[in-house]
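Every number here is computed from the coordinates shown, using simple stated rules; none is lab data. Everything quoted here is computed from the prediction, not taken from an experiment. As a convention, Cβ positions derive from the backbone with ideal geometry for all residues, glycine included, and neighbour counts pool all protein chains shown.
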Amino acid sequence: MTAATGSVHHAGSRSRVRHLQTARGTALTGTPGAAGPPRAPGRRRLGLVLAVAAGVYAADVVSKIIVVATLRRPVHVIDGVLTLVVLRNSGAAFSIGTSMTVVFTLIAVGVILFILRTSRRLRSLPWAVTLGLLLGGATGNLTDRLLRSPGLLRGDVVDWIQLPHWPVFNVADSAIVCGGVLAVLLAARGIRLDGTRDGYGGTSRPGTGPRDGREPGGPPSQQAAEGQAQKRGSPAGDGRA
């Protein structure tokens, strides 16, 4: 009788251990610690961010040097559509806030530092292109603020592209606008900086709560195992019965 009771308790203990291991997502066999939370997909994208930013920056700086040196009067490339004309802008993109040059300069520095810091953990290809466009555009206009007249932090940005019913702009402005549009689209689609989407990779969309009986915060295998363990009840209790 004693041997039978001990055998039942031993079987219940082994079953309980197996359920705990399954619920925690730990492999029942193999090297301990081999299984764990899934890593973010892809590799780090800092190099791509810097490459895109460097391309935008080079195009912006070179184009400004050329137009300042060669354009003496407006050039109508396409009549009524595209005109090249050199204008000095002391404000932000598209000549906004012309009396706040120093403020915009400091904001640009903050944006650049934020992008560089964020890019260190970036794994999403679309976000890498987006942040590269923003970084290159901000750096291009910041260069004008620092190096052009009338002085440090107060330099005028060179704008030279004119379209109908649109403020005169430059390559850096175009990159900033394109990067901003891409950022809005990526955020609307739920694509994160690490390459995962909202509702996958650990958390749900804000306010949705658990879905299909699974708690956010763990891999699907762990969530499914926890749900099965709750339905079956306690193995130890079955052993005592």
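Rounded to the nearest 0.05, the FRET efficiency derived from the C-beta distance between PHE114 and TRP166 at R0 = 22 Å is 0.20. Mind giving me the FRET efficiency for LEU106 and HIS76? R0 is 51 Å, r the Cβ-Cβ distance, nearest 0.05 is fine. Working from the Cβ atoms, E equals 0.85.
Placing dummy labels 7 Å off each Cα toward the beta-carbon, the span from ALA187 to ARG154 is 3.4 nm. Panel note: the C-alpha atoms of segment 46-188, placed on their principal axes, show extents of 46, 34, 25 Å (largest first). Take every Cα pair under 8 Å whose residues are at least 6 apart in sequence, average their separation, divide by the length of segment 46-188, and the relative contact order is 34 percent.
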